[in-house]
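Below is one structure, written out as structure tokens; comments come after it.
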Amino acid sequence: PVFPEERVTFKILETSDPGSRFPLGCARDLDIGSNSIQAYSISPENEYFSVSYGSHSENARNVELTLKKPLDREEQAELSFILSAVDGGSPPRSGTAEVNIIVLDVNDNSPVFTQKIYVGHVLENSPKGSVVLNVVASDRDEGVNAEITYEFIQAMSQTDNPFTIDSMSGEIKLKTPLDFEAAETHELSVRATDGGGLSAICKVLVEVVDVNDNAPELVVSSFSSPLAENTVPGTVVALFTVRDRDSGANGKISCALEDQLFFSLRPAYKNYYELVTVSALDREERAQHVLSVTAADAGSPPLTSTQTFTVDISDVNDNAPVFNQTSYTMYVRENNVATVFVGAVSAADADVGLNAKVTYSLAPVQGPERPWCSCISVNSENGQVFVLRPLDYERLRQTEVTVSASDAGSPPLRANVTVRLVVLDENDNAPLVLYPAQDGSPASSELVPVSAEAGYLITKVVAVDADSGQNSWLSYHLLRATEPGLFSVGAQSGEVRLRRPVTDRDSVKHKLLVLVRDNGKPPLSATAALSALLLKDFSDVRLPHSSPATEDQDTSLTTYLIISLVFVSLLFLISTAVFVARKVCKSKELQAGHVLYGADNLQSGLADAAAAGTLPRAYCYEISLTTGSGNSEFKFLKPIVPSLPPQHCAMGQGPDEEQDFPCVRVSTEDMAPDNAGTLSAGQFNAR
């Protein structure tokens, strides 16, 4: 037998049902009869196929391969065996053909992952595109059925998936940066699908590793500002809490305050802190405190955050106004116009607002030593000082007032300052000639001996000026004289002297007119008229211009002086006599009333004391009382000597011996005077 083809190939789906038949080409044998083909066989035999040879029609026979059990390409993708055709000759002859069975794949296997759960770890600060892990799935099919694609199965709540997966390789990468504080783990579902539509699902857990990427946060719960400057230490200014979204050491927080001079931090509860005052505040020293609280975690490197508290200090009226000078001296010229401005006082208050608004007033004068001056006024707003009326330097040279500066705080504080007003002199007073007197009477005559030499002092013009300073500087000038060359006047002293010796040609009587001028601007002046008589002998001097009225005046004045002197002398003599008489009377009374007294009961009492030995030494006592003594106590005189025996105490010791004894007081309540009004005398010893 001969097959038409030496090699026959069949492609059979692995899903073909058992019993399926696959026709083969019949072998041909040229012999006939019993020598023709009698049977077909397969060698080696296999469990999948068998061969059948039969006729389906009367005219033809068919050879068919029959499938005995299902094929499985994944177990055996290809089969090969020999098909033999045997004839009935003797010896039998056979022909063979090779049958090759190719099992066609059918997508009957789903993809299978290498792990049911994949776990990956990634740092939260990993950059975008970092590979997290790689999922792997396999499919026993082949071809298109073995081509696997990967994808995420996302739930409705995971639309913002931070991961992406490579559909061909299964590599999972970061699409967006991760945040440990937002999510510590991410659970993903990955599906692997083959070309035939079969799929498998695995779970992927991505654990985010914390990195110290979050600085501590300070959340302020309460804050008080402004703060009164009289706030007591320990007052809570702010309450805040600190937190860190990191974990472990990265989440441990410590707080610190930079300036701890006036404020400090105090832990309150868990992560709560209080910002409190620790010392007294002073707005005038520091009106605002800028406090920086720094919170730091324990990460490596540590992260910090700072919260700034600006505490304004509100004012309290704790500062009195302060004048810019300790005292003020202001000047005004006399004869000033009314309400003239002479100066201003100024005070500043370290407080603010109403507490710093200063008003000025004149403080009332305490005590009579400084009378109230009604000529001065002060502006309450700006402290300007005015003189209300014209002043006269000759009546008031200076005065002092107290100006008070008061703030508008509650209660108000005030300060006082002394303002001294000095009146400046104006040249409004002409010189006044005191000598010679210029009262309208005839000028007095000065006697000059004709033998006087040049420089002889004739007289001195005395003048005063009520003004002061330069306005009171006086100069003297000879204005007119009978003989101008004979006399000279000292410009500063006012002394009238002879300029040259007197000659026989000079007249006896001379009249002089002296001008007295001050140094003011403009200068004021006065004149003094005087006369001089040139005489050879002063015994027969007759003042030609003396009048009876002047002589009567001089006599009356002398009489008054004599009477006053006599009265004072008599008064002194009478006072002296009265004083001496009183002293003499006192001395006589003391001598008349001197007695020596020794009381029996007192003597017996002291004797008992002496017998008992309570007194350390023996003493002699002498008692003296006057008749009119109003004192209920009298004095004992103790001897100066250390010890005096009793026999040395004699009766009748005189007063001269009392001077050697010191005084000791003894009560006389039990001692009654006798009929004569004096106490009886006695002597006693005491030991």
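Observations
- Yes/no for A298 being assigned by the TED database to the domain that holds V242, farther than 30 Å from V385 by Cβ and touching a helix residue (DSSP H, G or I) at 6+ places or on another chain (Cβ under 6 Å): yes
- Complete set of residues in the stretch 131-156 that are buried (at least 22 other Cβ atoms within 10 Å of the Cβ) and aromatic (F, W, Y): Y150
- Every residue from the stretch 490-512 that is open to solvent by less than 30 Å² (accessible area, probe 1.4 Å), of a type in the set (A, V, I, L, M) and free of Cβ contacts under 8 Å to residues at least 40 places away in the same chain: L512
- The sole residue among V132, V86 that is in a strand (DSSP E or B) and within 60 Å of the chain's Cα centre (by Cα) is V132.
- Exactly one residue out of P390, P412, P484 is surrounded by fewer than 17 Cβ atoms within 10 Å (Cβ to Cβ), at pLDDT below 90 and not in a strand (DSSP E or B), and it is P484.
- Residues satisfying the stated conditions in the stretch 267-285, i.e. out of contact with any Cys (no Cβ under 6 Å at 6 or more places or on another chain) and surrounded by 13 or more Cβ atoms within 10 Å (Cβ to Cβ): A268, N271, Y272, E274, L275, V276, T277, V278, L281, D282, R283, E284
- Close contacts from the stretch 460-477, counting a first residue that is open to solvent by 60 Å² or more (accessible area, probe 1.4 Å) and a second that is part of a loop (DSSP other than H, G, I, E, B), with Cβ to Cβ under 6 Å and a gap of 6+ residues or different chains, come to K460/G494; Q470/N519; W473/N519.
- Qualifying residue in the stretch 106-114 (condition: free of Cβ contacts under 8 Å to residues at least 24 places away in the same chain and more than 60 Å from the chain's Cα centre (by Cα)): no
- Within the stretch 76-86, the set of residues being in contact with an Asp or Glu (Cβ under 9 Å, 6 or more places away or on another chain) and open to solvent by 10 Å² or more (accessible area, probe 1.4 Å) comprises A77, S80, I82.
- Contacts under 9 angstrom Cβ, first residue in the stretch 516-536 being under 21 Å from V502 (Cα atoms) and open to solvent by less than 20 Å² (accessible area, probe 1.4 Å), partner part of a loop (DSSP other than H, G, I, E, B) and among the small types (G, A, S), 6 or more apart: L530/A443; L530/S444; S531/A443; S531/S444; L534/A452; L534/S507
- Of the numbered criteria (1) of a type in the set (A, V, I, L, M, F, W, C); (2) open to solvent by less than 30 Å² (accessible area, probe 1.4 Å); (3) assigned to a strand (DSSP E or B), the one L71 fails is (3).
- Counted residues, the stretch 205-215 - those being at pLDDT 90 or above and surrounded by 15 or more Cβ atoms within 10 Å (Cβ to Cβ): 1
- Residue selected from the stretch 329-349 under the condition part of a loop (DSSP other than H, G, I, E, B) and within 15 Å of S406 (Cβ to Cβ), by the criterion least open to solvent (accessible area, probe 1.4 Å): V345
- Segments classed as strands (runs of 3 or more DSSP E), wholly inside the stretch 153-242, with at least 2 members that are without any contact (Cβ under 8 Å) to a residue 40 or more places away in the chain: 163-165, 185-193, 217-223
The values are calculated or read from the model by the stated rules, or taken from the named source; none is laboratory data. Note that the structure is a prediction, hence the values are computed from the model and not measured. Reconstructed Cβ throughout: ideal geometry from the backbone, glycine too, with neighbour counts over all protein chains shown. Keep in mind that these areas ignore ligands, DNA and RNA; they rest on the heavy atoms of the full protein, side chains included. Shrake-Rupley method; radii C 1.70, N 1.55, O 1.52, S 1.80 Å.
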